[in-house]
1. Only Lys, Arg, Asp and Glu count, each charged at its Cβ (+1, +1, -1, -1), so figure out the dipole size of the range 108-248 about its Cα centre, rounded to 20 debye.
2. Please compute the length gained on full extension between Asp175 and Val160, using 0.36 nm multiplied by the number of residues separating them and subtracting their Cα-Cα distance.
3. Mind pulling the angle between the C-alpha long axis of helix 135-146 and the longest principal axis of the chain? Nearest 10 degrees, somewhere in 0 to 90.
4. So what is the relative contact order of the chain, in percent, for Cα pairs below 8 Å that sit 6 or more residues apart?
5. How high is the relative contact order of the range 186-291, in percent, with contacts defined as C-alpha pairs under 8 Å that are six or more residues apart?
6. Between Ala162, Ile226, Gly208, whose Cα lies farthest towards the positive end of the dipole of the range 108-248 when Lys and Arg beta carbons carry +1 and Asp and Glu beta carbons carry -1, centred on the Cα centre?
7. Ignoring solvent entirely, what values of log10 I(q)/I(0) come out of the Debye formula for the range 181-275 at 0.10 Å⁻¹ when each Cα is a single scatterer?
8. For an R0 of 45 angstrom, estimate the FRET efficiency from the Cβ-Cβ distance between Thr214 and Asp43 and round to the nearest 0.05.
Amino acid sequence: MTQPGEATLLAVLGHPVGHSLSPAMQQAALFAAGIEGLYLAFDVAPERFSAVLDAAATLGFRGLNVTIPHKQSAWAAAGQLLPAAERSGAVNTLVRDGDRWIGDNTDGAGWLDSLQEELGVTPQGLSVALLGAGGAARALADALLGGGCERVVVYNRDPVRAQALCDALSPHHGDGRLRSAPLEKLDTRSADLLLNTTPLGMRGRWAGMMPCATDQVRPHLIVSDIVYRPLTTPLLEAAALCGARVHGGLGMFVHQGARAFERWFGVSAGTGPMRAAVLAELSVDDGPVEG
């Protein structure tokens, strides 16, 4: 914890990073916890990442969040990796410890926290159809398997990338629970959960896009989308219309941030102030927000 007159420095590194809501969310967390600090955002080109990381250490930054495209670079740069980061091959949270950075990945645990909080659901025994094979997909697949789900099938337009995800995680979770398939082979009839980790549907260049065919969104499913801008994506709209249970991406964003905050300070700021700050920002750039 900080001493009187001593401000804590934190930041998010990304490229681009101007869209990030982490500064508003984490600044609210600092205020709620009574910690004097400043949370900044730095747009860092990939070739400058290592130099910026060194500069942050020299300037005494306590911790960093890392977003696209730096999660793999942060993984390589960390002096120590916590288990979730080591397995997923990506770091979204860095904590300064002496002369090294400790790397963690809070995405998977944050998503599980949100699923439990909003729907009262745990992954135990679930069969999951997972869309996407990027860094978020790896973190969430790892969390699902670690949480006891029965099976995860990774569907992606690039089957080689989907298989690479399976090859990376299977040694940690045993054979037979994780497999890949081309997106055109998606079949949700025997799935319990349909999980989108792609950006399709996100505000901007992917707005209005569905990550899968509408007929794969079925009433018996839980449908989860990690996109939170907009709060209701085309996938979630289709799910609600057919009677499926829906789970949006806002909760994951808030809970992964809350877990990062706990890594930095060893205390919780509570997700309430963090969620309120994000919703306030969304209401400004996306129009009126419910909830």
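1. Dipole magnitude for the range 108-248 comes out near 300 debye.
2. Result for the pair: 3.6 nm of gain on full extension.
3. Long axis of 135-146 versus the principal axis of the chain: about 70 degrees.
4. 16 percent
5. After rounding, I find 20 percent.
6. Sorting the options by dipole projection puts first Gly208.
7. Cα-only, vacuum Debye calculation for the range 181-275: -0.32.
8. Once the sixth-power term is evaluated, E becomes 0.75.
Since every read-out is calculated from the coordinates, none of them should be taken as a lab result. Being a predicted model, the structure only gives us computed values, none of them experimental. Using ideal geometry, Cβ is built from the backbone for each residue, glycine included, and neighbour counts are taken over all protein chains shown.
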